[in-house]
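The structure appears below as structure tokens.
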Amino acid sequence: MSKHIFCIILALVLLSARSLFAQSPVIQTSGSGDVFVPISKYLGQGNSEALSAWFDDNLEISVIARESNASKAQAKQILKTFFDSYSPRSFSVTHTTGKANLKYALGTLDAGGENFTVTIFVSSKGDGYLIQQLKIERQ
């Protein structure tokens, strides 16, 4: 358990430092400020096109143990391929945490008759947030 906590803290620190130097378009959050509401909606629908609007120009993506640093377009294609193979039925956030400029969510994706654990890191960009890391793992 402590290894997971260390990894989360390290990722938060690295993403905070990266956000100081990165520049990209910003998706505005709704009045409620919960960035994970639309992201959850698109994951549950398997909508890689709409979800990719929330991607930073480059992000870390891991789908069923295949990890890569990818451009926005590459990450969108990786997710499209996953959604084509595992048609999503639903997605729900089970845990969120973070600070104003960096947020983290864990969720469960029901897709293709299997359950997957999804980890999402977002960082603030101007008035909104962009996905820095997305991880989908079999449960």
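The values are calculated or read from the model by the stated rules, or taken from the named source; none is laboratory data. Here the structure is a predicted model, which is why all the values come from computation and not from measurement. Quick reminder, even Gly has a Cβ in these numbers, built from the backbone with ideal geometry, and neighbours come from all protein chains shown. Surface accessibility is based on the protein's heavy atoms, side chains included, excluding ligands, DNA and RNA. Shrake-Rupley method; radii C 1.70, N 1.55, O 1.52, S 1.80 Å.
Count, please, the residues in the range 83-97 that happen to be surrounded by 17 or more Cβ atoms within 10 Å (Cβ to Cβ), of a type outside the set (A, V, I, L, M, F, W, C) and touching a Phe, Trp or Tyr at 6+ places or on another chain (Cβ under 8 Å).
Result for the range 83-97: 1.
Is there a residue in the range 131-138 that is over 17 Å from residue 42 (Cβ atoms), out of contact with any His (no Cβ under 9 Å at 6 or more places or on another chain), open to solvent by 30 Å² or more (accessible area, probe 1.4 Å) and assigned to a strand (DSSP E or B)?
First, pick out the residues of the range 131-138 that are over 17 Å from residue 42 (Cβ atoms): 137-138.
So of that shortlist, the ones also out of contact with any His (no Cβ under 9 Å at 6 or more places or on another chain) come out as 137-138.
Next, only the ones that are open to solvent by 30 Å² or more (accessible area, probe 1.4 Å) stay: 137-138.
Those still in the list that are assigned to a strand (DSSP E or B) too: 137-138.
Yes - at least one qualifying residue is present in the range 131-138.
Consider the range 52-103. How many of its residues are farther than 26 Å from residue 126 by Cα, outside any strand (DSSP E or B) and of a type in the set (Phe, Trp, Tyr)?
Residues in the range 52-103 being farther than 26 Å from residue 126 by Cα, outside any strand (DSSP E or B) and of a type in the set (Phe, Trp, Tyr): 3 in total.
Condition first: at pLDDT below 95 and within 13 Å of the chain's Cα centre (by Cα). Now tell me which residues in the range 32-73 satisfy that.
Answer for the range 32-73, where residues must be at pLDDT below 95 and within 13 Å of the chain's Cα centre (by Cα): just 35.
Among the residues of the range 106-115, are any farther than 15 Å from residue 43 by Cβ, open to solvent by 70 Å² or more (accessible area, probe 1.4 Å) and either part of a strand (DSSP E or B) or in contact with a strand residue (DSSP E or B) (Cβ under 7 Å, 6 or more places away or on another chain) (or both)?
No, the range 106-115 contains no residue that is farther than 15 Å from residue 43 by Cβ, open to solvent by 70 Å² or more (accessible area, probe 1.4 Å) and either part of a strand (DSSP E or B) or in contact with a strand residue (DSSP E or B) (Cβ under 7 Å, 6 or more places away or on another chain) (or both).
Could we say that residue 65 is on the phi > 0 side of the Ramachandran plot and hydrophobic (A, V, I, L, M, F, W, C) here?
Yes.
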